[in-house]
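The values are calculated or read from the model by the stated rules, or taken from the named source; none is laboratory data. As the structure is a prediction and not an experimental result, all values here were calculated from the model. Note that we place each Cβ from the backbone using ideal geometry, even for glycine, and neighbour counts take in every protein chain shown. Only protein heavy atoms, including side chains, enter the accessible area calculation; ligands, DNA and RNA are left aside. Shrake-Rupley method; radii C 1.70, N 1.55, O 1.52, S 1.80 Å.
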Amino acid sequence: MDVCYHLAACCYGGDDMDQECIFVLHEFMDGEARNWFCRHVLHTNRDKLYWTFKEVLIGLYNRFVNAVTMQEAHEAFRTAVYDAQMGIQTFYDDLVGHAQNMAVYLDEFTIRETFLDGIPAEMCHTLIRNDNLLLEVNTVTEFLAYAICYEQSARTATHYDQHSSHCTTGQRQPVKVGTFLVKRSKME
């Protein structure tokens with residue numbers, strides 16, 4: 001994607017800029033992709049003399065992206081796990097990143113369902129019971145927003161439990177972790 005941003009920033013676009021785009025593309029490659037590019041697009045003894053930018057991208061796709069790559073993305077999506085150290089946002093970003101690498105982007109419900117299946121049970125129960133979120137109604141970004149609040153609340157509670165003078169005397173009651181966000185319908 002960096003190459004597309006670079007080309008747009010340099011105002012390279014349109015059929016009259018194809019050759020410039022092809023030469024810039026070369027600078028963003030390494031390894032086997034660069035070797036393929038030099039052999040098939042730039043070499044003086046290449047089979048095809050004239051390439052369009054689109055043809056080069058399709059050629060690279062056909063050469064390096066295959067069914068196994070798509071299956072790996074699906075498997076990575078299916079096996080993604082929540083890591084408390086990395087946080088809920090990283091888990092969500094990983095899921096969406098894997099979904100974007102699939103040949104067919106997954107539907108919202110599948111992503112939402114996988115997200116809920118992958119978070120800790122206590123967090124999931126809080127989002128459903130305390131925050132009244134529903135798998136069938138709320139979006140994955142709504143679940144994410146509440147899950148971020150849950151994580152922040154849990155971290156704050158842990159911090160206070162560890163640093164409170166009440167903890168050392170045994171007088172402190174356990175802190176209930178929950179989330180609170182104003183629902184969109186209440187704000188409107």
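If you go through the range 65-87 and keep only what is assigned to a loop (DSSP other than H, G, I, E, B) and open to solvent by 90 Å² or more (accessible area, probe 1.4 Å), you end up with VAL81, GLN85, MET86. Among the residues making up the range 108-125, those that are open to solvent by less than 80 Å² (accessible area, probe 1.4 Å) and either within 20 Å of GLN85 (Cβ to Cβ) or in a loop (DSSP other than H, G, I, E, B) (or both) are PHE115, GLY118, ILE119, PRO120, ALA121, MET123, CYS124. Considering (1) open to solvent by 70 Å² or more (accessible area, probe 1.4 Å); (2) part of a loop (DSSP other than H, G, I, E, B), say which one ASN62 fails and leave the rest. Of (1) open to solvent by 70 Å² or more (accessible area, probe 1.4 Å); (2) part of a loop (DSSP other than H, G, I, E, B), only one is false for ASN62: (2). For the range 88-107, the set of residues classified as under 20 Å from GLU142 (Cβ atoms) and in a loop (DSSP other than H, G, I, E, B) consists of TYR105, LEU106, ASP107, listed by residue number. Taking into account only those residues within the range 11-28 that are assigned to a loop (DSSP other than H, G, I, E, B) and touching a Cys at 6+ places or on another chain (Cβ under 9 Å), which is surrounded by the most Cβ atoms within 10 Å (Cβ to Cβ)? By that ranking, first place goes to TYR12. Residues in the range 29-57 that are open to solvent by 50 Å² or more (accessible area, probe 1.4 Å), part of a loop (DSSP other than H, G, I, E, B) and farther than 30 Å from GLY97 by Cα: HIS43, THR44, ASN45, ARG46, ASP47, LYS48, LEU49, TYR50. Which residues, taken from the range 126-155, are loosely packed, with under 15 Cβ neighbours inside 10 Å and assigned to a helix (DSSP H, G or I)? Within the range 126-155, ARG129, THR141, GLN152, ARG155 meet the criteria.
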